[in-house]
Every structure is written in C-alpha cells, then in structure tokens.
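Values in this text are rule-based calculations from the coordinates and carry no lab data. No experiment lies behind these values; they were computed from the predicted model shown. Counting neighbours? That spans all protein chains shown, and the Cβs are built from the backbone with ideal geometry, glycine included.
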Amino acid sequence: MDLVLRGGKVVDGTGAPARAADVAVEGDRIVAVGDVPASEAKGAEVVDLDGLVLSPGFVDIHTHYDAQITWDPDLTPSCWHGVTTVVMGNCGFGIAPTRPGDRGVIARTLENVEGMSVDALEAGIDWSFETFPEYLDAIDRAPKRLNVAAMIGHTPLRLYVMGDAATERAATDDEIETMKAMVAEAIDAGAIGFASSKSPTHAGDGGKPVPSRFAEIDEITRLASAMGEKGRGTFQATIGQGFYVKELAALSETIGRPVTWTALLTMKEAPGRAVETIERQASLGGEVWPQIACRPLVFQITLEDPFPLAMVPGFDEILAAPRAQRADIYADPAWRDRVRPEIDRVWGHALPKVTIDESELHTALRKGPTLTELAAQRGQHPADVMIDLALEEDLKTRFRFVLVNDGEDEIGELLRDDRGVLGLSDAGAHASQICDACFSTHLLGYWVRERKELTLEHAVHRLTGHAAHVFRIPDRGVLRPGAFADLVAFAPDTVGVTGMERVFDLPAGADRLLAKSSGIEHVWVNGAAIRMDGKDVDGARPGSLIRGGTA
C-alpha cells in the first residue's frame, strides 16, 4: 500500500449511505475500503480525515477546455473545486481536426460562440497537431493535473472536410461518408463521443451560423452511427429548432448509444416547463439525458463581445464586423429600429433584471437600478439605454444578465430527478463573462447544506458516478476496490464558493472571472495528491487522457 486515508466519512458515489471507513491506495487504484489494519499499512503514507467526507473525485462533463488544455496543464479553476475528470469537445466545438489554413477560422468561431479571447487563442494554442488522433496524442503526452476525455466536434470536422462550403450548404453523400470515417477513426483513437449543435445562438466566424447548423438530421444521424457501429461513445447535442426531444430520442434508438443534450434550464417566468420537458423526454424512449445546471445562468456581458445577445436577429452584423467598427453599428438609428423588437421578443423576460456590474465610468449605476428602471427614468427603451451607456465607455461597460435557470424551486426538482445529468459548467468558455466551474462546491454548499434539497449521498452521486455513467467512463466516479484513486476530501460544514474576481492571466493578458473554493481540503488524481490542506501541490500533474469509454 502507498496511501491510507483514515477517519473519513466515505460517500462512495453510488448513492449508498455514508459510512465510516478507511481507504487504501496502491499505485493509481483503490485496493481496500473498510478497516485497514496498521500491520497492512506499514510504509504507507497515512492521512487523517477526521471530520471530512471522502468521495470520488467529481466529473465535469461540459467544460470546453479544448484550447485551454494546450497552455494550462492545471485546468484552473476546475482543479480547485474537487473536479478530477473533465469532458471537452462539447456542443460540437473544438480545435481538431484543423488544417493550418483554418486555424484563424476556428479561433474566431470560438471567440463568437464560446466567448474565448481570440488573442488568447492565437497566443496560447500549441498547434502541434492537425487530425483528431494527433490532438489526442498531444494531450496524452502533455503533463496535466486532471484526467481529460475529449469528444470530436461536428464544426471543426465539417470545416476540415468541406472547407468554406461547411457554412453554406448541406453535405453530399461522399462528404458525409468521409466525415463518418473520421468519427470512426476518432473513436478508435480514444474519443469519448461525438458532439454537434443546432442552436440559434451559435454564430461563428464572421457572424455566420456555425458549420454544424447547416447539417441535416440525416447527416448527424449517419455521423453518430459510427459510434453505434463501434459500440462506444456518447452523443452530445446542443438543441435547436427541429432537433429537440423527439429527434434526440429517435437518434439514440437508431444508433444504440447514450445521448445527452444541452441544456434543460428553468425560467422563473415559466414555472414547471423544465419538469414537463424531462417527463416528455423520458416518455419518448432511447437513452437520453438532458443536462441540467445547479446555478442560475448569469452572464457579465459587454456589447463588444455580445454573446448571448447574438441569437437576436441583427446581431449577426455585429459579430461579422471587426471590433473597432462595432460601435458604429450600435450607434446607427436604423439598426436599432430593426433589433429593438427582436430584443424584446428574445430577451424581454431578462431586461427587467439587467444591471451594470462593472464600469469605470458609470460607477453610480453599479448593481442598480435595472435597465428597465433607467429606461423609465429616461423615456427610452431598455435596449437603447444599454447601448448608450456602453457607447459612452467604448463598449467596455459590463452588464449583469440573469438569462435563465432562475426558477430555484424547479432547479431543486431537477436536481433530485436522476433522469437528467448535472452539467453545463462551461469551465473553459465565456471566461470573461461567467465562472460556473465552481458548480460542484456550489451544489454541496448551497443545495445540500443551506437549502437541504439533496442528501449528501445523492449530491455526490450526481457529481461522480452518475456523470461517469452517462459518458461510460470506466472505473471513475465510484469509490470501491479496483477503481482509479480519484478522491476528494471535503469539509461538509464549510464547502462552498468564494466570491468572483477578475484576473488577467490568460495568454496575451486576456481576462477571466475566477472563483475559488472553501472546504476542499485534499484531492488525489490517480493516487497522487494535487491538493493538500486546502492548497495546491505545486507541479503535481498526475492526470491521464481517458481514451474512450465502455459499451
């Protein structure tokens, strides 16, 4: 034995009741759970966990770390919140396969759809690969703090095969067969699945719809069937018109693989709708897992980088324009006249909750009044108030948008319903706008300890074994002999999230929001400590590339 953890309350990730037990580790595996006699622990490192809960490491299935992993081996901030395994390639986006001539297109696509700084992407990505298998090999070679699993994304795949036509038309039979062969090649190389998007919010390079939005359902089904033929892989979708619960159930039944979709979110203005949707999804057959979130979806947006306003018709003109020219479009009265009713239609429910969050100029307006209240005072439409305030500050004013998932009672219902899977941290995306990589510590601190909506055992199951099952990740997310020694020891009375801070630590000095944790005392990945006594272990990078899942 190399490591013995004594005195903790073991919550094993299956939902079973907590129990007092010792845990022994040898190499990267758990070898015993129960009473570990001192005679068997000779020579092992012994850690006293008195007062702490010991659980499997948390699994984050929706991170968008595809680019960040090439420059940040620690995958911050996820590693601070008890996460030991991350899944990326979500929503059909990623950086492989990519031809050298398309690297700029991929960077600008990620800028528009996932809020990533194009300067950071251009300065930070180590393009030592072209194909998806080469990308996996590059990740495998690189030291990393956490375990990583990757899906192949429909958008870079389509661009690789179809070139500029990927954002213009449906694919031909030959192009679909070429893409399907590349999905099969990716699964053989270790991809954990295949992902796509039909979301109207996903406008990419030049404001055009991302390539996957031009795919017909037949194309998506044929590409995903490569996983069915291999008997491995999970399909992840971002929903859109004509690609929703009915189509996803049919897809799962056709390919015989799990499907998970983004995202099932509550709305305070429409109580009960999300629960009705999960009921409907469950009634349609197949193995389909809606992804749910445990935090309100709150964005700090600027009009310089207007996602998710991009789903409003007219904002495609903003995304297509260089940043230096965007102010001119916002100032155009004709443009405003066109988009004003569309903003009401799409985001009218959110405008009464929008406030200024960060501003060097409008300091007296920070944290309130709301845009709606300001509009009433000024005799303007809320959208005009927002645009005028932003123009006065060179589009740098940050507005706090509570988009969706603010129906808290209904979130509690979804968290207790195992027909949905916990996801949507977007840990590596929208870095200057949100930081929901702290979802795990928020769940344990807020939903378990404060609101008591979930038992500790159920919450840990949602963070570990349940998520690992959806992506068929073997021997992770459970604390039992034979499983990998991905473990987190936390203090149930203090686990939670610290306040947000803005830092400028991305490549090229780009900014992001960060939240740190409280109560996450010790974390082990593959049997090696990456966090002890609430502090990172410097240089600890024992993570592995997880190549593929089980049937």
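Nearest 5 is fine: what % of DSSP beta bridges in the chain come out antiparallel, could you say? Intermediate results must be reported in sequence, preceding the final value.
Details: 40 of 73 bridges.
Antiparallel bridges make up about 55 percent of those DSSP assigns within the chain.
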Once amide H atoms are placed 1.01 Å from N in the peptide plane, what residues at a sequence separation of 5 or more from L422, or on another chain, have their amide H within under 5 Å of its amide H? I292
Explain nothing, just the number: dipole magnitude of the chain about its Cα centre with +1 on each Lys and Arg Cβ and -1 on each Asp and Glu Cβ, in debye rounded to the nearest 20. 760
Does anyone have the angle between helix 173-189 and the longest principal axis of the chain? Alpha-carbon axes, 0 to 90°, nearest 10? 30
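Considering only DSSP beta bridges with both partners in segment 1-73, what is the antiparallel share in %, to the nearest 5?
On the way: 10 of 16 bridges.
Antiparallel: roughly 60 percent of the beta bridges in segment 1-73.
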Taking R0 as 45 Å, what FRET efficiency do you get between E393 and T455 from their Cβ-Cβ distance, rounded to the nearest 0.05? 0.45
Could you work out the local net charge near E111, counting Lys and Arg as +1, Asp and Glu as -1, over the other residues with Cβ closer than 12 Å to its Cβ? -4
Helix 132-141 vs. the chain, principal-axis angle (Cα, 0 to 90°, nearest 10): 50
Could you compute the FRET efficiency for L361 and A170, with r as their C-beta to C-beta distance and R0 at 45 Å, rounded to 0.05? 0.40
Please arrange D316, D505 by counting, for each residue, the other beta carbons lying within 10 Å of its beta carbon, fewest first. D505, D316
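Give me the one-decimal Kirkwood hydrodynamic radius in Å for the chain, with the sum taken over alpha-carbon pairs. Each step should come with its number before you reach the end.
Values: mean 1/r = 0.0418 Å⁻¹.
Across the chain, the inverse of the average 1/r is 23.9 Å.
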For a quick check: with amide H placed at 1.01 Å from N, whose amide H comes under 5 Å from S517's, ignoring anything fewer than 5 positions away on the same chain? T498
Zone residues, segment 2-17, relative to M532, backbone N less than 13 Å from point 7 Å out along Cα-to-Cβ: 3-4
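Could you order peptides 384-397, 420-433 by the average number of other Cβ atoms within 10 Å of their residues, highest first?
Details: 384-397: 18.6, 420-433: 25.6.
My ranking of the peptides, most packed first, is 420-433, 384-397.
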Taking K535 as the anchor, which lysines have their alpha carbon closer than 26 Å to its alpha carbon, excluding any fewer than eight residues away along the same chain? K9, K144, K516
Compute the angle between helix 382-392 and the longest alpha-carbon principal axis of the chain, please, reported from 0 to 90 degrees and rounded to the nearest 10. 90
